[in-house]
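Where a number appears in this text, it was derived from the coordinates with a stated rule and is not lab data. The structure presented is a predicted model; accordingly, all values stated were derived computationally and were not measured. Please note: Cβ atoms are built from the backbone with ideal geometry, for glycine as well, and neighbour counts cover all protein chains shown.
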Amino acid sequence: MFQLIDTHAHLDEIENLDKALADAKKAGVTAVIAVGSDAASNRKVLQIAARYRGLVYPALGWHPWYIKEPEIDASLDLMKDHVAKAVAIGEVGLDYHKRVLAIAGKELQKRVLKEILKIAKDHGKPALIHSRYAWRDALDLVIEAGVEKAVFHWFTGPSSVLRDIIDRGYFISATPAVIYHEEHRRAVKETPLTQLLLETDSPVVYARGCEGEFNASPADVARSLRGTAALKNKSEAEMAEVTTENAKKLFGIGGV
């Protein structure tokens, strides 16, 4: 069994969290970064991290799917008030899918992301970036904000953007989709080991509508490990060691 870290999970959305985390520990998971999606989610994440201290570490975020203009001040204030308790700022970013743009347009998303990235910059926290169909804009805003540490979660964007992410020293996180999703596989394959992390994005559904469909839980970071190791032609032991050390250093959880 290897020591693994799930660097991106929505633990507040998992129904039987006690079982999910017990299963994760059995699978070798020594830490989970629990990401927030909005103000209510951030509060839950903080509570979960306090309950599972030493296993769960909180990240405070505002997912672009949930941005509402009237909530900007209150949501940002909550993040500022509790940022000292967090190991990262996330999940945050941009999403240019038409369903998301119908709720929060590009300019609103960018305005909110700029404010959130300022919090990350001011407090020296890594930013966990969602960038669906907005890969270049998301990267540009991270660079513009002067954020030194960032993870582009479940990246599926073009190689030109990926090269700039790598050149900046930022990270890519591999999900279980690395087993079958060609764009994600390409991104993971092109990313140096020193800039790779593992995640599950629990409890998202993988291989939706296909044979082998499953709802992810933190224990499934082992699937991310297996898929990434095979893709990179490395042993699972080496991949586990490298990605776990990357995560410990990035999030400052070296005592895990």
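Quick look at the numbers
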item: Some residue of the stretch 217-233 being of a type in the set (S, T, N, Q), outside any helix (DSSP H, G or I) and within 17 Å of the chain's Cα centre (by Cα); result: yes
item: Counted residues, the stretch 78-117 - those being out of contact with any Ser or Thr (no Cβ under 8 Å at 6 or more places or on another chain) and in a strand (DSSP E or B); result: 4
item: Answer from 37, 75 - the residue that is part of a helix (DSSP H, G or I) and surrounded by 18 or more Cβ atoms within 10 Å (Cβ to Cβ); result: 75
item: In the stretch 19-34, the residues that are closer than 24 Å to residue 243 by Cα and assigned to a helix (DSSP H, G or I); result: 20, 21, 22, 23, 24, 25, 26
item: Conditions (1) more than 25 Å from residue 36 (Cβ to Cβ); (2) touching a residue at least 60 places away in the same chain (Cβ under 8 Å); (3) not in a helix (DSSP H, G or I); number of the one not met by residue 237; result: (3)
item: Residue match in the stretch 198-205 (condition: without any contact (Cβ under 8 Å) to a residue 40 or more places away in the chain and either in a strand (DSSP E or B) or of a type outside the set (Val, Ile, Thr) (or both)); result: yes
item: Residue within the stretch 161-183 that is surrounded by 20 or more Cβ atoms within 10 Å (Cβ to Cβ) and charged (D, E, K, R) present; result: no
item: Exclusive hit being of a type in the set (Gly, Ala, Ser), buried (at least 20 other Cβ atoms within 10 Å of the Cβ) and out of contact with any strand residue (DSSP E or B) (no Cβ under 6 Å at 6 or more places or on another chain), set 230, 219; result: 219
item: Exclusive hit being within 27 Å of residue 215 (Cα to Cα) and either free of Cβ contacts under 8 Å to residues at least 40 places away in the same chain or surrounded by fewer than 15 Cβ atoms within 10 Å (Cβ to Cβ) (or both), set 134, 127, 84; result: 127
